[in-house]
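Any read-out appearing in this document is the output of simple, stated calculations on the displayed coordinates, not a laboratory observation. Here the structure is a predicted model, which is why all the values come from computation and not from measurement. Backbone-built Cβ (ideal geometry, glycine too); neighbour counts: all protein chains shown.
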Amino acid sequence: MKTVRIQYFALLREQRGVGQETLATAAATAGELYAELRSRHGFTLPADRLRVAINGEFAPWDASLTDGVELVFIPPVAGG
Amino acid sequence: MSFQISSQPIDLAVLRNALAHPHAGACATFEGWVRNHNDGRPVLSLEYEAYAGLAEKEGARILAEACAKFDLVAALAVHRTGHLQLGDLAVWVGVTAAHRDGAFGACRYIIDEAKARLPVWKKEHYADGVSAWLNCAIRGGFSTAAGPPSGPPTG
């Protein structure tokens, strides 16, 4: 198990009900973690509509998670 | 040269002064305003939320790309967060170059890339009391907004 910190924005923040959380997970990759959280919290967006950032930078879904990392799952953007 | 995410109103005079430079012969700016409709629905207001740290990093990359492509003197941009009302300035882009072609092209490039790439989200509040995050709709497990935004309320 490793401990990760997650920040939520926009639709994911509303569906999770909090802006951030720290949790223990056995997920090996960012993609596995999102799948775990999606089934736990009923997130409507599938991973293929999201991007992920690890420690403040865009990262691939198969990036390995290490203890203490900070993740942000990025819903479809709509700036401007 | 910076792309700023701001929870405060954008001060145009300060930005314009920051662009001033004796090498600059052209200045192009773009303002994205909150408008009162989107996809045929009346819109009352907009909420913007941003992952500010990454948005500013990605924004700086976009400005650097524009400088490389268009031979700019300077480039600056600001995107608002928070609850904005109709007519409010949501995003501002300003560039200077020796000549107008580069300035026009760069301004367009920056706003197009910013809309596509910055981790910024927009929630529309409609006249019928409903609100929704743009581009995040899902129906029957399939995307209802798989393509690019069909008509965001600004820009």
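Going down the list B:Lys57/B:Lys122; A:Lys2/B:Lys57; A:Lys2/B:Lys122, which pairs span over 22 Å between their C-alpha atoms? Write out the running numbers ahead of the final one.
Values: B:Lys57/B:Lys122 19 Å; A:Lys2/B:Lys57 28 Å; A:Lys2/B:Lys122 33 Å.
From the list (B:Lys57/B:Lys122; A:Lys2/B:Lys57; A:Lys2/B:Lys122), the Cα-Cα distance tops 22 Å for A:Lys2/B:Lys57; A:Lys2/B:Lys122.
Rounded to the nearest 20, the Cβ-based charge dipole of chain A about its Cα centre (Lys and Arg +1, Asp and Glu -1) stands at 220 debye. Across the options A:Ala78, B:Leu86, B:Ala20, the greatest Cα extent toward the positive end of the charge dipole of the protein assembly as shown (unit charges at beta carbon of Lys, Arg, Asp, Glu) belongs to B:Leu86. Taken over region B:27-114, the alpha-carbon convex hull comes to 94 cubic angstrom per residue.
If I take R0 = 35 Å and measure r between the Cβ atoms of B:Ser6 and A:Thr44 in this structure, what FRET efficiency does the formula 1/(1 + (r/R0)^6) give, to the nearest 0.05?
In this case the efficiency is close to 0.70.
Taking a straight line from the alpha carbon of B:Lys123, these aspartates and glutamates sit under 13 Å away, with near neighbours fewer than eight places off in the same chain left out: A:Glu14, B:Glu47, B:Glu49. As an equivalent ellipsoid, region A:2-74 spans semi-axes of 17, 13, 12 angstrom, where each value is the square root of five times an eigenvalue of the C-alpha gyration tensor, largest first. DSSP assigns beta bridges within chain A; of those with both partners inside it, close to 80 percent run antiparallel.
Put a dot 7 Å past the Cα of B:Ala18, heading toward its Cβ, do the same for B:Glu65, and the two dots end up 2.1 nm apart.
On alpha carbon coordinates alone, what is the Rg over Rh value for the protein assembly as shown, Rh being the Kirkwood radius? Intermediate results must be reported in sequence, preceding the final value.
Numbers: Rg = 19.0 Å, Rh = 18.8 Å.
Radius of gyration over Kirkwood radius for the protein assembly as shown works out to 1.01.
Once the C-beta distance of B:Ala132 and B:Leu86 is scaled by a Förster radius of 25 Å, the resulting FRET efficiency is 0.90 to the nearest 0.05. Basic side chains Lys and Arg get +1 at the Cβ, acidic Asp and Glu get -1 at the Cβ, and with that the dipole of the protein assembly as shown about its Cα centre reaches some 220 debye.
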